[in-house]
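What follows is a short report on a single structure.
The values are calculated or read from the model by the stated rules, or taken from the named source; none is laboratory data. Only a predicted model underlies this, so the values are computations on that prediction, with no experimental measurement involved. Cβ sites come from the backbone with ideal geometry, for glycine too, and all protein chains shown count toward neighbours.
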Amino acid sequence: MKTSIATTARYDTHLILTWKEDATTMRDFEGKKSEISVRYDGRTTLIYCGCGEKKECTLDAVREATAAGSRKAGELKRKAVSVFCIDPTPQPSISLPDCVKASVEGALLGTYQFNRYKSEKLQTTEHIEFITNHFTAKQLHETQSIIECVFFARDLVNENAEIITPQRFAKEAQSLAKQLMTIKCTILNEKEIETQKLGLLKAVGQGSVYPPRLIILEYKGNPKTKESVALVGKGITFDCGGYNLKPSGHIETMSNDMAGAAAVLATVKAVALLKLRINVIAVIAAAHNALDAASYFPGDIHVSYAGKSVEILNTDAEGRLILADAIAYCQDVYNPSELIDLATLTGSIISSFGDYYAGMFASDDGLADRLIAASAESGEKLWRMPLSDYFLDSMKGDRADLRNLSKLPRGHAGAVCGAAFLQHFIDGIPWAHLDIAGVAYNERECRGDIAKYGTGFGVRLLVAYLNTKIHS
Ligand code: BES
Ligand code: ZN
Ligand code: ZN
């Protein structure tokens, strides 16, 4: 995709972002949020994109409208598009450059397609220019780099489980480190996972012909400080549930159970491309939760890297197990200042928020507030959930130190108990857990900048978050 900034339009397809207040004299177009109207003026195609009321304007509305318009241009098979950016002033809460940035993000996000398995390829837009005086070529380049990383995460999520195995994840990480010299990559294979005593990751991965991997990426953008942010991702490349086998209707989308890991990998790529002055340690626990004679058994006890034993009451609650080892290993070996994990952890978070919010659990208010600020900036929605001793206790075991299923009645507080299990492995550092089970994958139609299938949730949020750390 070629992008540029211009002052006059070169192409004959125009995306015209329009406030409701400016659409009053238009026929059959009110300028409502994400309303699209296609008109023709001689050889020029005018795609009007409604941004809602200017006085209530939000970056989300602008991003979503531009994405809807950009998708419409794709449907019309337009190769080159000129985007007329919109001015939110005098709206005090939104600056003009931020508004342009939201348009750039939307226009680019709206072009995404996963075409690999379609015989008839849809045409994709090849050129987009933005008509504005308020965005530099550098800003455009940076924004485009981030969006390309979102696409990288979406591609990983959308690809077959048979292709995106733990080994393939490791290969992707290694090739990233090769491509971007500022990243160091270390991989633990199944033997090293065993000798290093990552007993939970070993147990979850042992039933598959695709053996588990622990993938570590180190990015040192600021050698002057010892401070670092750890990002930990759940990388279950397929979750059939193991012996607690998932039924039809629940199993079909489980190649997406690595969306947390995909977001973490893509974020590290973005951070390195943007050369952010910050230190990041990324740890990805990658395993295939398979059903086989060699699979781990319900009822068995396994010992974690941290030394705590865990009674496996349900082999489908596997995400918390591999994350517990990744979190403990990360703290022990890399000593990060804070840790954020991303995981498609529970169906329960989908009952709470559908595909709208990710659940955020945080042990530290400062970290929670900075993540909420990054969420408002990126438009990737977070809602804070509680942590409490009550739930910590519910994960304590009888035959072992812990259990992977809570003692509470069935159906009670599933997402909160999942987070509480992870909390048992946090060693006093500020920590946030993002349960992205609902938002990582969109089974419905495209909505604004949210693609069908893999959404790439978390990449823009984490990049925005890491940026707030640099400037604070
Ligand atoms: N990968 C699933 C969670 C999930 C469900 C992600 C739906 C995306 C869509 C996870 O490993 C799981 O199976 N969780 C169980 C935990 C339960 C057994 C305690 C769940 O949420 O039902
Ligand atoms: Zn599961
Ligand atoms: Zn899972």
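Quick check, is LYS191 within 21 Å of ARG168 (Cα to Cα) and of a type in the set (D, E, K, R)? Against the criterion (within 21 Å of ARG168 (Cα to Cα) and of a type in the set (D, E, K, R)), LYS191 qualifies. Residue count for region 62-81 under the criterion of being closer than 16 Å to SER4 by Cβ and at pLDDT below 95: the result is 0. The set of residues from region 324-334 being surrounded by 24 or more Cβ atoms within 10 Å (Cβ to Cβ) and either within 10 Å of ligand 3 (Cβ to nearest atom) or among the acidic types (Asp, Glu) (or both) comprises just one member, ASP325. Sub-8 Å Cβ pairs linking a first residue in region 75-102 that is farther than 19 Å from GLY50 by Cα to a second residue that is polar (S, T, N, Q) and part of a strand (DSSP E or B), at least 6 apart or interchain, are ARG78/THR13; ARG78/THR45; ALA80/THR13, ordered by first then second residue.
Of all residues in region 168-224, those satisfying the criterion of being of a type in the set (S, T, N, Q) and part of a helix (DSSP H, G or I) are GLN174, SER175, GLN179, THR195. Do you know which of the residues in region 378-437 that are under 14 Å from LEU321 (Cβ atoms) and among the aromatic types (Phe, Trp, Tyr) is farthest from ligand 1 (Cβ to nearest atom)? Within region 378-437, the match that is farthest from ligand 1 (Cβ to nearest atom) is PHE425.
Here is the figure for region 269-302: residues that are in contact with a Cys (Cβ under 6 Å, 6 or more places away or on another chain), more than 16 Å from ligand 2 (Cβ to nearest atom) and farther than 27 Å from ILE426 by Cβ total 0. When you check ASP427 against the structure, is it among the charged types (D, E, K, R), in contact with a helix residue (DSSP H, G or I) (Cβ under 8 Å, 6 or more places away or on another chain) and either touching a residue at least 24 places away in the same chain (Cβ under 8 Å) or outside any loop (DSSP other than H, G, I, E, B) (or both), yes or no? Yes; evaluated as a whole, the condition is true for this residue. Of the strands (runs of 3 or more DSSP E) lying entirely inside region 230-329, those containing at least 1 residues that are touching a strand residue (DSSP E or B) at 6+ places or on another chain (Cβ under 6 Å), farther than 25 Å from VAL209 by Cα and among the hydroxyl-bearing types (Ser, Thr, Tyr) span 309-311. Does region 245-258 hold any residues that are within 11 Å of ligand 3 (Cβ to nearest atom) and farther than 29 Å from ILE216 by Cα, and which are they? Answer for region 245-258, where residues must be within 11 Å of ligand 3 (Cβ to nearest atom) and farther than 29 Å from ILE216 by Cα: LYS246, HIS250. Could you list, in sequence order, the residues of region 383-424 that are on the phi > 0 side of the Ramachandran plot and surrounded by fewer than 17 Cβ atoms within 10 Å (Cβ to Cβ)? Across region 383-424, the qualifying residue is only GLY411.
VAL463 - would you say it is at pLDDT 95 or above, buried (at least 17 other Cβ atoms within 10 Å of the Cβ), in a helix (DSSP H, G or I) and within 19 Å of the chain's Cα centre (by Cα)? Spelling it out, VAL463 is indeed at pLDDT 95 or above, buried (at least 17 other Cβ atoms within 10 Å of the Cβ), in a helix (DSSP H, G or I) and within 19 Å of the chain's Cα centre (by Cα). Scanning region 258-268 for residues that are of a type outside the set (A, V, I, L, M, F, W, C) and either under 21 Å from ALA282 (Cβ atoms) or more than 16 Å from ligand 2 (Cβ to nearest atom) (or both) turns up at least one hit. Collect the residues in region 114-140 that are modelled with pLDDT of 95 or more, assigned to a loop (DSSP other than H, G, I, E, B) and closer than 20 Å to LEU76 by Cα, keeping them in residue-number order. Within region 114-140, just GLU126 meets the criteria. Is there a residue in region 367-375 that is more than 16 Å from ligand 2 (Cβ to nearest atom), assigned to a loop (DSSP other than H, G, I, E, B) and hydroxyl-bearing (Ser, Thr, Tyr)? No, region 367-375 contains no residue that is more than 16 Å from ligand 2 (Cβ to nearest atom), assigned to a loop (DSSP other than H, G, I, E, B) and hydroxyl-bearing (Ser, Thr, Tyr). The set of residues in region 303-316 being crowded, with 24+ Cβ neighbours inside 10 Å and within 13 Å of ligand 2 (Cβ to nearest atom) consists of ILE312, THR315. Pairs are defined by a Cβ separation below 6 Å, a sequence spacing of at least 6 or placement on different chains, a first member in region 369-382 that is on the phi > 0 side of the Ramachandran plot, and a second member that is at pLDDT 95 or above; the pairs so defined are GLY379/ASP60; GLY379/ARG63. For region 281-330, a residue qualifies if it is over 20 Å from the mean Cα position of the chain (by Cα), within 16 Å of ligand 1 (Cβ to nearest atom) and of a type in the set (A, V, I, L, M), and the qualifying residues are ALA290, LEU291, VAL310, ILE312, LEU313, ALA317, LEU321. The residues on offer are THR111, THR45, and the sole one that is more than 30 Å from ASN158 (Cα to Cα), in contact with a helix residue (DSSP H, G or I) (Cβ under 9 Å, 6 or more places away or on another chain), in contact (Cβ under 8 Å) with a residue 24 or more places away in the chain and of a type in the set (S, T, N, Q) is THR45.
Per-residue answers, yes or no, for (1) under 28 Å from ILE450 (Cα atoms); (2) surrounded by fewer than 19 Cβ atoms within 10 Å (Cβ to Cβ):
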site: SER145; (1), (2): yes, yes
site: GLU148; (1), (2): yes, yes
site: VAL157; (1), (2): yes, no
site: ILE163; (1), (2): yes, yes
site: PHE169; (1), (2): yes, no
site: SER228; (1), (2): no, no
site: VAL232; (1), (2): yes, no
site: ILE236; (1), (2): yes, no
site: LYS246; (1), (2): yes, yes
